[in-house]
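Please read the structure below before turning to the comments.
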Amino acid sequence: MENKYTATVMRAIGIKDYNVINEMPKTEVMDLYIKSFGPEVNGKEVREVVQAVFGIDLNFISEKNYGNKLSQYETNVMGSLRRSLNVPADSTEVDAQIMAIPKNEVMDRYIEVQGGALSGAETRILINQIFGVNLDGISGLEHSGISIRSKGQWILPADKKLFIVSSSLDDVELYVSPTEYFEETTGSNQLPDSLKKQLSALGFTYDAELNRCIYRNQTNESVPDALKGQVMKAVLGTIQSMQ
């Protein structure tokens with residue numbers, strides 16, 4: 001079995017057997033890595049952990065301003081950012097300024113206001129709120145048969161996967177399509193009719209030319225996690241029915 005992690009990660013979490021670490025959920029590896037920094041962690045360290053464990057480049061997402069397209073962040077993030085800009089947590093006077101701040105800086109300011117005392121689970125919530133990257137969900141889908149491409153990079157590579165769930169750079173649109181491996185496995189390059197029907201019920205339309213189902217959020221904001229969860233459930237159900 002090829003090791004998925006570097007020697008640096010293995011030293012940080014105190015596990016020397018790569019067979020053991022490779023079988024651990026990525027969220028568990030992340031938790032141990034975060035703890036290795038001590039009682040306090042900063043944004044740069046969190047981004048390094050995400051890159052090392054998940055292979056996801058949050059710096060790239062921030063630089064390109066990909067990911068979450070929102071009118072406002074969640075209340076906890078807005079309150080902390082307001083405090084970091086020296087206004088009361090319930091004031092709205094700097095909200096436009098906050099939403100123009102690069103995502104990395106939003107993360108850094110939030111963590112600084114919290115005194116760096118965030119657990120792995122708390123950092124994953126924060127990353128989803130700021131970047132729109134659901135690390136808990138990604139960890140759970142690692143061996144699912146689903147590939148994910150989002151924010152201009154592969155979140156879960158397409159090797160030996162049956163379906164690709166991808167999104168526009170701002171996460172306003174979602175796409176579901178079969179992979180080459182799906183065609184190799186089934187002899188068909190067409191999305192199953194049952195999956196098309198399930199996605200249609202969720203508001204997707206089928207593009208026959210591109211052979212994919214497409215959803216666009218009519219609010220022009222990023223697709224909410226609740227809908228993404230329903231999409232993943234439909235795709236997972238289709239994969240299970242094929243086994």
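Quick notes
- Here is how the number arises for the chain: DSSP H runs of 4 or more residues each give -39500 (n - 2.57), the sum is divided by the residue count, and the result at 222 nm is -14000 deg cm²/dmol.
- Which of 151, 196 has the fewest Cβ neighbours within 10 Å, and the rest in rising order: 196, 151
- Under conditions of 37 °C and 0.692 mPa s, segment 1-143 yields 206 µm² s⁻¹ as its translational diffusion coefficient, taking Rh as the Kirkwood radius over Cα pairs in the Stokes-Einstein equation.
- Angle of helix 103-113 to the longest C-alpha principal axis of the chain, folded into 0 to 90 degrees and rounded to 10: 40°.
- Using every pair of distinct Cα positions in the chain, the Kirkwood expression returns a hydrodynamic radius of 19.3 angstrom.
- Note, ³J(HN,Hα) from phi for segment 23-30, Karplus 6.51, -1.76, 1.60, rounded to Hz, x at Gly and Pro: 8, 7, x, 4, 5, 5, 4, 4
- In plain terms, the residue of 182, 37 with the fewest other Cβ atoms within 10 Å comes first and the most crowded comes last, giving 37, 182.
Here, each number is a calculation from the coordinates, and none is a lab measurement. What you see is a predicted model; the values in this text were computed from it and never measured. Cβ atoms come from the backbone with ideal geometry, glycine included; neighbour counts cover every protein chain shown.
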